[in-house]
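Working notes for the structure below.
Derivation of every value follows stated rules applied to the coordinates shown; laboratory data play no part. Only a predicted model underlies this, so the values are computations on that prediction, with no experimental measurement involved. Every residue, glycine as well, gets a Cβ built from its backbone with ideal geometry; the counts of neighbours run over all protein chains shown.
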Amino acid sequence: MWGNNKKYIIGVILVVILVVIISVLTEKNTISQPHTTYYTNNVSSAYGSKKNNSVVTKTKTHLSKVVLKKNYGLPFFSQPVVSGNYSFLDTANYFETYGVSNPKYKGATVKIDNKTGKIVWRTDFPNLVMNNPLVISQLGMVIVSTGNDAFFKTSKTTFNRGTGLSGVYALNINTGKIIWKFTITNGQRKPTPTYKNGVVYTIGGNRMLYALNVNTGKMLWSLDYGSISSQAAPLLVGNNLYFGGSYPYYLFDVNIQTHKIVWKHNFKKTGVNKGLDDVIPAYSNGYIYTDAAKLVNDKTNSGYEYLYKINAHTGSIVWSLKEGYGPLNLPHGAQMIGSVPTISGNMVYVGSTATQRIIAVNTNTGKVVWSTHSVGLNNKPFIVVGNYLYYDNGLGNIQVYNKNTGEYLATRTTGGKVAVGGIFYANGRFYADNLSGDFYIFK
């Protein structure tokens with residue numbers, strides 16, 4: 001009896017060992033593809049809208065008067081970009097289609113007259129438009145990039161991000177007519193391109209950097225940098241293009257004259273696995289500042305958020321700041337996009353979604369000068385005007401703080417959740433939009 005049981009047990013053990021060996025061998029030849037998922041727990045109830053135009057203030061700010069308020073019924077996804085008397089905004093039906101298999105992603109760019117509030121033109125695209133338009137007024141052009149978030153395998157060992165037809169489009173600034181288009185089907189072009197001396201530079205979900213002739217859209221050169229850039233525009237300083245990538249998580253410096261990678265910093269040792277490809281780096285005095293996150297608990301979407309100062313010439317980390325631990329949720333439930341740093345003088349300001357705080361850090365020491373509680377999607381760039389720090393917390397609330405002390409001064413509530421862009425400041429006025437289709441101009 002025991003002999004038969006012994007044979008059975010040995011047989012089971014051998015089968016288990018065989019399964020483990022096969023699993024290990026298979027894992028070497030495949031790669032785990034990330035999933036596009038929602039996380040609905042840990043999202044604060046403060047993400048609900050408040051009444052439009054309410055003002056809580058302790059001091060006079062630039063938000064005291066509404067110059068224009070209008071609803072267009074469009075889910076504005078970008079920061080308004082202002083040129084002259086006009087604003088340019090991107091819109092996308094992101095929340096109706098995100099995560100649905102084979103969705104019909106749609107997006108558009110609109111030009112609005114800031115005096116009358118009328119839409120001058122609207123241009124539709126065959127995919128999502130999820131970032132800011134690039135307005136090149138001296139050339140009479142508006143550059144728009146398109147693409148969605150869906151991951152897809154390109155082989156057993158690799159994957160890209162962005163299904164369907166993605167691309168970069170040049171529009172006539174006066175009519176909205178398409179002048180040229182550069183389209184691809186192997187990955188999104190979501191990040192806003194950058195421009196210099198007749199060349200448009202675009203990164204995206206197929207791990208490729210393209211340099212395009214601004215007049216024709218013809219590709220001049222390309223570079224396979226090996227990571228996915230999801231949301232954040234590249235930062236061009238002189239001839240150096242800085243940007244973050246994911247899968248694997250690297251920060252890159254590309255020389256646009258030599259078309260080569262100067263350096264790339266691997267964040268694997270730090271444990272970073274979120275946000276780096278969604279943060280536009282900031283630059284000051286030979287240093288790069290960027291924000292990223294380390295997802296620890298996938299079930300609650302919680303983890304740590306970090307701020308980094310990096311030598312722009314070598315790619316080495318000068319200092320890092322652990323901002324704290326908490327949920328990394330966005331208002332619509334998806335995973336975090338990292339916080340965009342803003343530099344003013346010897347301070348770098350960053351909003352922490354994980355800790356629900358705004359943090360002011362000394363750029364030289366990496367020490368926190370002040371921090372204050374701020375409920376919301378704290379991933380937007382700040383706007384500094386005089387001693388005031390203006391901030392869109394993603395809930396439709398524009399908050400005002402003293403930039404030196406962190407003292408809370410005022411809130412302008414516009415209503416409606418705000419997606420990627422945040423607020424825009426030009427000529428003494430603030431421009432704001434939201435996912436409910438509202439567009440505001442304040443002074």
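Peptides 306-315, 403-412 ranked from most to least packed, by the mean per-residue count of other Cβ atoms within 10 Å: 306-315, 403-412. Per the Debye calculation on segment 186-228 with a single equal scatterer at every Cα and no solvent contribution, log₁₀ I(q)/I(0) for q = 0.23 Å⁻¹ amounts to -0.74. A viscosity of 1.306 mPa s and a temperature of 10 °C, combined with the Kirkwood radius over Cα pairs in Stokes-Einstein, give a translational diffusion coefficient for segment 61-213 of 98 µm²/s. Viscosity 0.692 mPa s, temperature 37 °C: give me the Stokes-Einstein translational D for segment 31-442 in µm²/s, with Rh taken as the Kirkwood radius over C-alpha pairs. Reported coefficient: 154 µm²/s. List the equivalent ellipsoid semi-axes of segment 158-317 in whole Å, largest first, each obtained as the square root of 5λ for an eigenvalue λ of the Cα gyration tensor. Whole-Å semi-axes of the equivalent ellipsoid: 28, 19, 13. Over all other residues within a Cβ to Cβ distance under 12 Å of Ser166, the charged ones net out to +3, with Lys and Arg as +1 and Asp and Glu as -1. Amide H contacts under 5 Å for Tyr388: Lys403, restricted to partners 5 or more places along the chain or on a different chain, H placed in the peptide plane at 1.01 Å from N. Taking other residues whose beta carbon is less than 10 angstrom from the beta carbon of Val340, and scoring Lys, Arg as +1 and Asp, Glu as -1, yields -1. Candidates Phe77, Tyr325, Thr175 compared by Cα position along the dipole of segment 31-442: farthest toward the positive end lies Thr175, with charges placed on Cβ.
Report the per residue volume, in Å³, of the convex hull enclosing the C-alpha atoms of segment 231-283.
It is 76 Å³ per residue.
Net charge around Val369, counting only other residues with Cβ within less than 15 Å of its Cβ (Lys, Arg = +1; Asp, Glu = -1)? Result for the local shell: +2.
When the scattering of segment 244-392 is computed by the Debye formula from its Cα atoms alone, each counted once and equally, what is log10 I(q)/I(0) at q = 0.15, 0.19, 0.21 Å⁻¹? With one equal scatterer per Cα and no solvent, log10 I(q)/I(0) is -0.73, -1.14, -1.35.
Which pairs in the list Lys322/Lys417; Lys115/Lys417; Lys118/Lys177; Lys269/Lys309; Lys264/Lys294 are over 21 Å apart, alpha-carbon to alpha-carbon?
Lys322/Lys417; Lys115/Lys417
Taking the Cβ-Cβ separation of Trp319 and Thr185 as r and a Förster radius of 51 Å, what is the calculated FRET efficiency to the nearest 0.05? With R0 = 51 Å, the Cβ-Cβ based efficiency is 0.75.
Computed extension length for Val385-Glu407: 6.4 nm, one decimal, from 0.36 nm per residue of separation with the Cα-Cα distance subtracted. When the inverse distances between all different Cα atoms of segment 374-443 are averaged and flipped, the Kirkwood radius reads 12.1 angstrom. Quick one: check the C-alpha center-to-center distance for segment 239-273 versus segment 135-186, whole angstrom. If you average the Cα positions of each part, the centres end up 22 Å apart. Summarising the amide proton neighbourhood of Thr414: residues at separation of 5 or more, or on other chains, whose placed amide H is nearer than 5 Å comprise Asn53, Asn397, Ile398. When peptides 85-91, 283-289 are sorted by average Cβ neighbour count within 10 Å, with the highest value leading, the order is 85-91, 283-289. In order along segment 434-443, the phi-based Karplus estimate (6.51 cos²θ - 1.76 cosθ + 1.60, θ = phi - 60°) of 3J(HN,Hα) comes to 8, 6, 7, x, 7, 10, 10, 10, 10, 8 Hz; Gly and Pro are listed as x. Taking amide H as placed 1.01 Å from N in the peptide plane, the amide H of Glu323 sits under 5 Å from that of Glu305, Tyr306, Leu307, each at least 5 places away or on another chain.
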